[in-house]
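Data block below; observations after.
Quick note: the coordinates plus some simple rules give every number you see, no bench work behind them. These figures come from a predicted structure and were not determined experimentally. Ideal geometry is used to build each Cβ from the backbone, glycine not excepted, and the neighbour counts take in all protein chains shown.
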Amino acid sequence: METEEIEVQGYIATKRKVLAQVVVCSGCCCGRTDKGRPAIPLEWLKKTWKERKLLKTVQLTISGCLGPCDIANVVSILSKDVQLWFGGFSTEEPYHELLAWAEATRELGTLAHVPKSLLPYQFTRFSESE
């Protein structure tokens, strides 16, 4: 199967440019304690992100299902150059690490290194191209 390269024109401009975006799944499975899944501290995340004024540097987005549903509590970090996927968060600690990473990114003015404590939660989301 041949693939066609898609050219991105970038005609639409935004005044609000961030270094990264953290997308937290809150869909059909993630955070659903009624389905036996671990809770996600959504209200704490939103409140703390706002209080610490991180939104202008690292956007926090609470989304619907990101998949894959066989991994609980999926989070993605998106930037101009990288897309990282994490999942299997069963305690609040990884969310505290994400917050600390966002603060470090703001302070550095560039993407901070992902905390080593999050690496065991990292997974490959998409299949490799042949």
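Zone of D34 (label point 7 Å along Cα→Cβ, backbone N under 18 Å): which residues in region 50-90?
64-65, 73
Enumerate the residues in region 95-116 having an amide nitrogen under 12 Å from the point lying 7 Å beyond the Cα of W44 toward its Cβ.
Inside the label zone: 95-99.
Along its principal axes, what span do the Cα atoms of region 20-123 show, with the longest given first and each in whole Å?
39, 27, 22
For a quick check of your reading of the filter: which chymotrypsin sites (Phe, Trp or Tyr not before Pro) in region 6-99 sit in a DSSP loop and have no more than 15 other Cβ atoms within 10 Å?
Y11
Tell me the trypsin sites (Lys or Arg not before Pro) within region 66-130 that lie in a loop according to DSSP and have at most 11 other beta-carbon atoms within 10 Å.
When the trypsin sites (Lys or Arg not before Pro) of region 66-130 are filtered for loop state and at most 11 Cβ neighbours within 10 Å, K80 remain.
Need one number: the % of Cα-Cα pairs in region 79-130 sitting beyond the 17 Å mark.
When every Cα pair of region 79-130 is considered, 43 percent fall beyond 17 Å.
Could you tell me which of the pairs K15/K116; K15/K50; K35/K56; K80/K116 are separated by over 26 angstrom between their Cα atoms in the structure shown?
K15/K116; K35/K56
Between I62 and H113, what length in nm is gained on full extension when 0.36 nm per residue of separation is reduced by their alpha carbon distance?
16.1 nm
In region 1-101, what GluC sites (Glu not before Pro) fall in a loop by DSSP, with at most 12 other Cβ atoms inside 10 Å?
Here the sparse-neighbourhood loop sites are E2, E4, E5, E7.
For the chain, what is the charge dipole size about the Cα centre, in debye to the nearest 20, if Lys and Arg each add +1 at the Cβ and Asp and Glu each add -1 at the Cβ?
860
Considering the dipole of the chain built from charges on the beta carbon (Lys and Arg +1, Asp and Glu -1) around the Cα centre, which of A13, W49, A102 is farthest to its positive end?
Positive-most Cα among the choices belongs to W49.
If you restrict to DSSP beta bridges whose two residues both lie in region 20-123, what percentage is antiparallel, to the nearest 5?
65
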